[in-house]
Amino acid sequence: MIKKVAILANGGDVSGFNAVIRAIVKTAQNNNIECLGFIDGYRGLLNNDYVVLETSSNCNASGILPKGGSIIGSSTNANVFNYPVEENGERVYKDLSEICVENIKKDKIDCLFTLGGDGTQKSARDFSLRGVNVIGVPKTIDNDVACTDITFGYNTAVSVATEAIDRLHTTGETHHRIMILEVMGRYAGWIALESAIAGGADVALIPEIPYDIEKAAQKIMERRKQGKDFSIVVVAEGAKAKGGELVVKDTRNNGIGVDNTKLGGVGEQVAKQLEKLTGLEARCTVLGYMQRGGIPTSFDRVLSTKYGAKAMELALEGKFNVLTVIKDGKLNSVPLEEVVGNNTKIGAVSGNTPESNLRKVSMEDDLVKTARNIGINLGD
């Protein structure tokens, strides 16, 4: 018999966080279940910092459906299984997850909803092994969470990127330039590929296909021969040249278990190379955090609401330690063990490691086939 549940939002912000929160809270209230929200992700769980969430008039979870971000905050670097603490003036890392487990017991929480990507759900799986009832909801604009067809926040990011491409078209055509748009996508090129198709780009460089810059230049020169003196190139931040490495802007020191590399700069690199190879002026625009923020699309509002309501439905049915997913267009759930794949070590790193289970673009995916069919060059 569930009486109280809690929500935490973790990882980078996306449009749709609040829609999921609202759906969980409304479904909980309709079943006379109290709902808490931990502030700033797993850090809030560690500090037992929470608020009571309600959707009645003038309450904190009311009117948040179209609101971007997360009303309960989020954290991008809180791995409580390897958390930084100060001892004798030095930073050391400790497993503080038992404190979180005790907080859940003390607060009498029957189920914890974890809204996040692969790292968030890896920690959720680890907590499930400590006896916590967990239900995950797949979030990330990169669309790379395993076992689901789509994550909430992704559609909004693609829509923002597509609008940016539309705007770059007019500048590129007016000044006869190559316009490069760098979009997010650390290890998966879903945003770059889908926005390139939607926006009518000529080249799309994604992490899954190491690119040959001369092949991209060749595509641009072919367009010139056809009388088209401008081109649009979309580059995922995690794209890399054949035999090359990721372009890293900065490296953070947040310890083991989080991705400490801050990517950025590949768009400028591609712009300089294409300018040299083609003789055309090239300009790079980095879309950055614009992809994460703002009002969610109607698609993401509906998807997020479906995910949130389904998550609460699973809790009512006693189906814990799973991730809510969409498979073949239908809501479902899969065990968190399937989501983490071979990344089974408690507190192990998330992200692009041999053990990780990220959902990347397959060469057999319809998006890849479509891009090739309509003449988008993928750098190979």
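Please give the number of the condition Asp142 fails out of (1) modelled with pLDDT of 95 or more; (2) outside the structural domain of Lys67 (by TED's automatic domain parsing); (3) under 15 Å from the mean Cα position of the chain (by Cα).
The number of the failed condition is (2).
Can you tell me which residue in segment 186-203 is farthest from Asn352 (Cα to Cα), limited to those that are at pLDDT 95 or above and within 12 Å of the chain's Cα centre (by Cα)?
The qualifying residue farthest from Asn352 (Cα to Cα) is Ile191.
Got a number for residues in segment 208-237 being out of contact with any Lys or Arg (no Cβ under 7 Å at 6 or more places or on another chain) and of a type outside the set (Val, Ile, Thr)?
Number of matching residues: 16.
Quick one: Asp250 ticks every box in (1) modelled with pLDDT under 95; (2) part of a helix (DSSP H, G or I) bar one, so which box is it?
If we test Asp250 against (1) modelled with pLDDT under 95; (2) part of a helix (DSSP H, G or I), just (2) comes out false.
Of the residues Tyr93, Tyr42, Tyr83, which single one is hydroxyl-bearing (Ser, Thr, Tyr), out of contact with any Ser or Thr (no Cβ under 7 Å at 6 or more places or on another chain) and buried (at least 19 other Cβ atoms within 10 Å of the Cβ)?
From the options Tyr93, Tyr42, Tyr83, the qualifying one is Tyr83.
Only one of Val25, Val51, Val20, Val14 is assigned by TED's automatic domain parsing to the domain that holds Gly119, assigned to a strand (DSSP E or B) and among the β-branched types (Val, Ile, Thr). Can you tell me which?
Val51
So if I check each of Gly227, Gly244, Gly238, which one is under 20 Å from the mean Cα position of the chain (by Cα), in a loop (DSSP other than H, G, I, E, B) and small (Gly, Ala, Ser)?
Gly238
So which helices (runs of 4 or more DSSP H) are wholly in segment 289-378 and hold at least 1 residues that are more than 19 Å from the chain's Cα centre (by Cα) and without any contact (Cβ under 8 Å) to a residue 24 or more places away in the chain?
It comes to 298-316, 366-373.
Only one residue in Ser75, Ser70 is among the small types (Gly, Ala, Ser), at pLDDT below 95, part of a loop (DSSP other than H, G, I, E, B) and in contact with a helix residue (DSSP H, G or I) (Cβ under 6 Å, 6 or more places away or on another chain). Which one?
Residue meeting the stated conditions: Ser75.
Return the only residue of Val233, Val266 being assigned by TED's automatic domain parsing to the domain that holds Val203, under 26 Å from Asn357 (Cβ atoms), at pLDDT 95 or above and buried (at least 18 other Cβ atoms within 10 Å of the Cβ).
After applying the criteria, what remains is Val266.
Against the definition (among the charged types (D, E, K, R), modelled with pLDDT of 95 or more and more than 17 Å from Val183 (Cβ to Cβ)), how does Glu222 come out, yes or no?
So Glu222 fits the description; yes.
Leu277: assigned to a loop (DSSP other than H, G, I, E, B), touching an Asp or Glu at 6+ places or on another chain (Cβ under 8 Å) and hydrophobic (A, V, I, L, M, F, W, C), yes or no?
no
Would you confirm whether any residue within segment 339-352 is in contact with a Cys (Cβ under 8 Å, 6 or more places away or on another chain) and over 19 Å from Ser159 (Cβ atoms)? Lay out the reasoning, then the answer.
Our first condition is that a residue be in contact with a Cys (Cβ under 8 Å, 6 or more places away or on another chain); within segment 339-352, this holds for 339.
Those still in the list that are over 19 Å from Ser159 (Cβ atoms) too: 339.
Taking every residue of segment 339-352 in turn, at least one turns out to be in contact with a Cys (Cβ under 8 Å, 6 or more places away or on another chain) and over 19 Å from Ser159 (Cβ atoms).
Just one of the numbered conditions (1) at pLDDT 95 or above; (2) small (Gly, Ala, Ser); (3) under 27 Å from Ile7 (Cα atoms) is not true of Ala282; which one?
So the condition that Ala282 fails would be (3).
Answer yes if at least one residue in segment 104-124 is surrounded by fewer than 23 Cβ atoms within 10 Å (Cβ to Cβ) and polar (S, T, N, Q), and no otherwise.
No: zero hits.
Kindly establish whether Ile295 is touching a Pro at 6+ places or on another chain (Cβ under 7 Å) and loosely packed, with under 15 Cβ neighbours inside 10 Å.
yes
Output the qualifying pairs, or none if there are none: Cβ atoms under 7 angstrom, residues six or more apart or on different chains, first residue in segment 79-96 and within 24 Å of Lys122 (Cα to Cα) and of a type in the set (A, V, I, L, M, F, W, C), second residue surrounded by 13 or more Cβ atoms within 10 Å (Cβ to Cβ) and at pLDDT below 90.
Phe81/Gly257; Phe81/Ile346; Phe81/Gly347
The values are calculated or read from the model by the stated rules, or taken from the named source; none is laboratory data. Note that the coordinates shown come from a computational prediction; the quantities given were computed from them, not determined experimentally. Ideal geometry is used to build each Cβ from the backbone, glycine not excepted, and the neighbour counts take in all protein chains shown.
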